[in-house]
Structure formats: C-alpha cells, structure tokens
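The values are calculated or read from the model by the stated rules, or taken from the named source; none is laboratory data. Not measured: the values here are computed from a predicted model. Every residue, glycine as well, gets a Cβ built from its backbone with ideal geometry; the counts of neighbours run over all protein chains shown. Accessible surface areas use protein heavy atoms only, side chains included; no ligands, DNA or RNA. Shrake-Rupley method; radii C 1.70, N 1.55, O 1.52, S 1.80 Å.
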Amino acid sequence: MSDSTPSAASTLGSATYEIIRRRLETHATALRERTTQLDARRGEVFGKIDWKIIQSDRVTTAHNCVPRDMVQLGRGRFLFGFNVQFGLKQEIDVADVFAIYRRDAETGMFKEDSLAVLDDRNFVTDFKRLYHVYARAAFVKFSLVEGQLYFVFRVGAAVNDIAVFKWAFDGAGLHYVDGRAETEFKKVGYPPTHAFRWLIPDRESFRYGDHPHVSIEDRLFVDCIGGDLTLKVEDNTATGEGIYKEPVDDPNQKVDDAEIAYAKPLEHLIVVKVRPYKETTARYYIFNEKQQSAARVDSVGQSCVLLPEDHGLVFPDGYYLATGDLKRFEGRERNLIFERVVHAPNGEDSLYVFYNRETGDYVLLPYGLIAQKVEERIACQGFSLFPDGQLLLFRGADEPQKHHTIQLRQTPFHQPGYEPEGQRDAYLYQVGNKEVVRCLAESNELLTLIGRDNPYTSLYADVVKRCGAVIDAYPWLRSEDGFGIAEILGELRATADQAVEEFEKVRPTATRSHAAREGPAHTR
C-alpha cells in the first residue's frame, strides 16, 4: 500500500511544521481542559445517567425451550417469547410459547406473572389456527413500532415466510387488533439496510491506457487488472500505483470485467463495492478523500447507516469516523441488518440495533456523540428498553433449557418524564443539554484533527473553518459558563490560519516537484 500525496511536514519543511505543531498542541491542551470543565458542569446542571450493569438474574420456563425475544410491558414486566419442541402434542397453547415476568419491588428478582394480558378470544383463536395450519410455525420476534406491537412467526423455509399478529400498545396495556399484519410489518419492521443509494459508473468513466481504470466521479479510480485490485487518487493510466492494493483471484481480467458500484454517504467519504471477475463475493471499501486513504470493510455490505451529526458510518461490527478513525469489533454474529436506532433525550447517546433475521441474534452499538466512540459491542438474542431507560437482555444457549440468564443494565435511553434532577435555574439549563453536547462533540472533533500523527495537507484549513463554525454556532461560549472556550478557539484558529498561509507560500513549488515525480497524467 502506498500514498503518493506529499505530507504536511514535507510540504512546509520540518522546522516550520514543528513550530506550528507545538503551538497547535498547546492550544489543544487548553481546549481539552476547558471542555472537560464544561462537560463536568453539564453533568451538574442536567444530571447524568451512566451505562452500568444493575444485576444478572435467571428466569425459569415451564419447559425446555429456545428463547427468541422479549419486550417490556410496563410496570416492571416483560413478555418472553420462545419455541418448544413438543413432539406428538396435538395442540399448542399460548403458554407454550409466551410467558410474562415481573420484577419484584423488594428483591429485584424477576418472577413469573399471569398471562392474562394475552387472554383475548380473537388472539387465542388466531394463535391456535396458526399452529394447526402450519406444521413449521415458530415464534421469531417482537417488534414495537410507534405504539404497535407485532408478534412475528415463521411459517415456512424462507425468512419472509411469516405470519404477524398486531397489538395496540400504549405503554401499559395491550389491545389485540388482528392476525393479518404481514404486509404492514414488512413495510415498517425493517428500514433500508443502507442509508445511501448505490451508483454505477457509466461508460465514460472507463479510462484506457497501459494501466486502465474506472473513474469514480474523477475523485477515485479503481481497477482489477494485472493481478491486483487497486485504488488510485490520480487519473494516470501510465502507472499502476495507488493508495491501496490487494490481489484478485483472476490476474487476466480486463478493466471492464469487474462489477463496480459506489455511494457518497458524506461529502468526503466514498463507499466502493467491487466484485472482481469470477469472484462470488463483493469487496467493500471506504475511501476518505481528505486523507487520501482507503480501508476494506466488508461488513458494510450487510448494512451501513450514518452516525449522528454526520460523524461517520456505522455497520454491524464497527464504525468509521469522518475524521478517519476505523474501529472494528470481534464477534461471531454474521449477516446482520440495521433494524433501528434509539436516540437518548440527552442528545449525547445513540443506540444502533442490528439483527439477524435467520438466527435472531442482535448486536447493539451504543455511540457517544461527545466521546465519538462505541465503548462496547453488545451481542444478545433478545432485549427490551423500559421507560426508565433500563435495558433487559438475554443471551441464549445452543440447546433448549429451562433456566435462562438475563441481564439488567441502566442506560440513558429513557422516555420523557424520567429525566434526572437538574438545576433548572442555571444558565446552561436555558441553553439546553443537546446544544451543549453538540458543542462538546464539535470541540472534540477539532482535538482529533489536531492530534493526527500524519495530518493531511488541507487539515489546517479545516481547523480554521471548524473553529469559526463553533464560535459562531455557540455564542454562549463567550459567557462565564463557556469556561473561556471561545477565546481558546480564537487562538487555535489564528495559529491554524498561519499554517494555511505558510502552505500557500510553498504550495506551487511542492505541487510542481510532486507532479514531476509522478509523470504525465492521463489525457482524455
């Protein structure tokens, strides 16, 4: 892998670069201290709910079963759905598939409760008819969408062979609607797997020469010839060098043999899908135009959506930030699709939910806007969020059993009315928690840019722009409650602006010498 773009240090000269670098680091240290103070004050004013494990417990079912999902029913109760192999039993009852558990107020333990809430004559009739008609009927999942609770059953070999019962749920009580909600559920149960549209390069995008390639809007160039898949940043068919290279199975393919598609989820990020000739599986890459770098992330093909505030991309096994940071988690779960995202009222936390329709596996990725990271990838076979923000989940076993381990966690994903105590007369309270969170997130993004080991040449222009944007967007930073952050940002902008001026002085010379090394570009 190679990068032919001149670095910031080589362009400016090491001495000048180090002077500017030290000044920026001094301002960054001050900014980090002030934002830490602001975040601490935010916690005092608005209160703070941290992620933590409250308890682990076990619930017991009447029969050995394989649990599939759970959903909260309010007032400390949850509905458990599972599948039991009864062999020759002629009739399946509601209690053979569902059970309700309530958390004891004194002990905190979960105990089985009455199933009376499901004792609706029409539901019981539809339920028994389902298991009588379909020999392969099996419960799959619960899905709560805008006050409608769907009970989803698999009735055939394919994941789309389903029957769906619909209940109206107001947070405390259930009212059965009907047992013919399959079409409705298929529309609302699963959102699009990708938050962007795939585009196909047209014929004019094919550039021919000694090393032909396909142009992605003249921003990135792709080829699978000569035994390698290569990503280039220059439209130069005289050379096969690029910023990313890896082998392909068939070294004899032509430039138009590979299947190529791309998407533009963010201004400077391009996602590329490439299936080389005679290969059955596509490869996926994230190209960062500002940093002129690329990373292969095949899980993007399963599902990929945007992080809040255009922070980057999130996919089943990790995330890629717009600042160039890539994080991948290890896990056995595969073939996961995006199911939903839950945003906390504090404006800081978002919970991304991915789901495997075949196995019932869930993966939860809680993203923090200020920290700009996912601290933990949570894998489970079912979960539910209670109104107070408590998260209940279970991890199933490979074999049917009676005893099932569940875990209860506190999270910030509560509903209105469960906010922590705050200082309503404080100035920051009038500003708003979400506003302060966005300010802190944008400040931390600046710190990430400044702290890059290998800054790209337009980084300092980005710093100037972002400093100005933060100062203009959050005028309250000039107040006493802003902890002097506006002043620090002004100094940081001035130093970065000086770096931009130094770049402008040497850019023509650097560009000419760089072009001389690269040779002539492709002429159309």
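For Cα Rg over 2.2 N^0.38 Å, which listed value, [x] 1.21; [y] 1.27; [z] 1.16, comes from the coordinates shown?
Looking at Cα Rg over 2.2 N^0.38 Å for this model, the match is [z].
Rounded to the nearest 500 deg cm²/dmol, what is the calculated helix-only ellipticity per residue at 222 nm for the chain, with -39500 (n - 2.57) per DSSP H run of length n ≥ 4?
Counting only the DSSP helices, I get -8000 deg cm²/dmol.
At what distance in nm do the modelled label points of residue 91 and residue 204 sit from each other, each positioned 7 Å from its Cα along Cα→Cβ?
Simple spin-label model gives 7.1 nm for this pair.
Would you mind working out the accessible area per residue for the stretch 67-185, using a 1.4 Å probe, and quoting it in Å²?
49
Using alpha carbons only, how many degrees (0 to 90, rounded to 10) separate the axis of helix 485-518 from the longest principal axis of the chain?
Helix 485-518 and the main axis of the chain meet at about 60 degrees.
Quick one: ranking 196, 151 by accessible area, 1.4 Å probe, largest first, what do you get?
Descending accessible area places them as 196, 151.
Remind me, relative contact order of the chain in percent, using alpha carbon pairs under 8 angstrom and six or more residues apart?
That works out to 17 percent.
For the stretch 101-148 and the stretch 393-422, what is the centre-to-centre distance using only Cα atoms, to the nearest Å?
18
Using the basic label-point model (7 angstrom from Cα toward the beta carbon), what is the residue 170 to residue 106 distance in nanometres?
Roughly 3.2 nm, to one decimal.
Can you give me the angle between helix 14-46 and the longest principal axis of the chain, using Cα atoms only, in degrees from 0 to 90, rounded to the nearest 10?
It works out to around 30 degrees.
Which of the lysines could a cross-linker span from residue 186 if the Cα-Cα distance has to be under 21 Å and same-chain partners fewer than 8 positions apart are dropped?
Partners found: 141, 166.
Provide the net charge surrounding residue 95, with neighbours chosen by a C-beta distance below 11 Å and charges set as Lys +1, Arg +1, Asp -1, Glu -1.
Neighbourhood net charge equals -4.
Please give the helix 459-473 orientation as an angle from the longest Cα principal axis of the chain, in degrees from 0 to 90, rounded to the nearest 10.
It works out to around 60 degrees.
Just to confirm a number: summing +1 for Lys and Arg and -1 for Asp and Glu over residues other than residue 212 whose beta-carbon lies under 10 angstrom from that of residue 212, what do you get?
Computed value for this residue: -1.
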